[in-house]
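Okay, so here's the structure we're looking at.
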Amino acid sequence: MDNQSMTARFLRRALAAAGCAMLAWTVQPVAATAADLSWAAEPAPAPLMPEWRFQLTGYGWATSMTGDVGVKHLPPAQVDVPFSKILKHLDGGLMGSFRATNGTWTVMTDTVWAKLSDKTVINAGGGTGVELGMRQLIASALVGYRLPIGAPDLELSLTAGVRYQRLTVTTKIQPGFLPLSIDRSSVKQWADPVFGLLAHYRINDRWFVNALGDVGGFGAGSRLTAQGFGSVGYMWTAKLSTALGYRAIYTDYKDGGFVYKVTEHGPFMSVAYHF
């Protein structure tokens, strides 16, 4: 073999060895990087926020009233008015509630508004006419926290909130012998902190029970106020339910000569939309 052929073969081997060395040098850091990536800890997924569910409810409350009501300079008078008499003088009413919950926290509002009126004549001979009117507003708001009792079908929450009440009484006196009228209006309003328990129990996929009890006032607005209601409901669809129940609200409020120590109570029926 001549020197030229040996030289060519040597060059080929040298180039091949250099190429392998370069390839190994190139692949090694890539492989190391890949190994590092394969062992690197993946970032933990962000925790899912609890889904909020909402409920809009309209209801009718067949309210009766019992207790004592008094105005200044007059002793309190005992009242016992059944719903049948209230309905006779009812001019209008609006009742509804809104609830939002994510399974742990609950926010709920409730509103009751009613307007009543009555007319009478003091003298049978066609003398003085008297018109009486009353508007009542009860507005409540609360926040509840579900207790970890470990019962999947029972949601029991501690609640804290406020209940606002406003009474507006109007009087119109029209003497029969004079072409004029005397109008008077009086407003009493107060707000009470309230604390209680809220419960929702699923009997099965369709039937459920709701209950609420609270107490408050403690001199902040009224001397004492308390509420309780319970109902049994049925889910007609995933978005529509109805319920029947009984509700009572007790208020012991006194301001100067005004006394309002009354329990409003009666059955109610509700229709709720869930979304």
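Rule-based calculations on the coordinates, nothing more; no lab input. Model, not experiment: these values are computed from the prediction. Heads up, the Cβs are rebuilt from the backbone with ideal geometry, glycines too, and the neighbour counts pull from every protein chain shown.
Here are some notes:
- Applying the criteria of a DSSP loop state and at most 11 other Cβ atoms within 10 Å to the chymotrypsin sites (Phe, Trp or Tyr not before Pro) of region 106-194 yields F177.
- Checking every one of the chymotrypsin sites (Phe, Trp or Tyr not before Pro) in region 191-254 against DSSP loop status and a limit of 14 other Cβ atoms within 10 Å picks out F218, W236.
- When the pairs K88/K188; K88/K239; K85/K261 are compared against a 27 Å limit on Cα-Cα distance, K88/K239 fall above it.
- Each of L224 and A248 was given a label point 7 Å from its Cα along the Cα-to-Cβ line. The distance between the two points is 1.3 nm.
- Using 0.36 nm per residue and subtracting the Cα-Cα separation, the extra length available between S181 and D255 on full extension is 23.8 nm.
- Take every pair of alpha-carbon atoms less than 8 Å apart whose residues are at least six positions apart; their mean separation over the length of region 53-274 yields a relative contact order of 20 percent.
- Where trypsin sites (Lys or Arg not before Pro) fall in DSSP loop in region 188-275, at most 11 other Cβ within 10 Å: R206, K239
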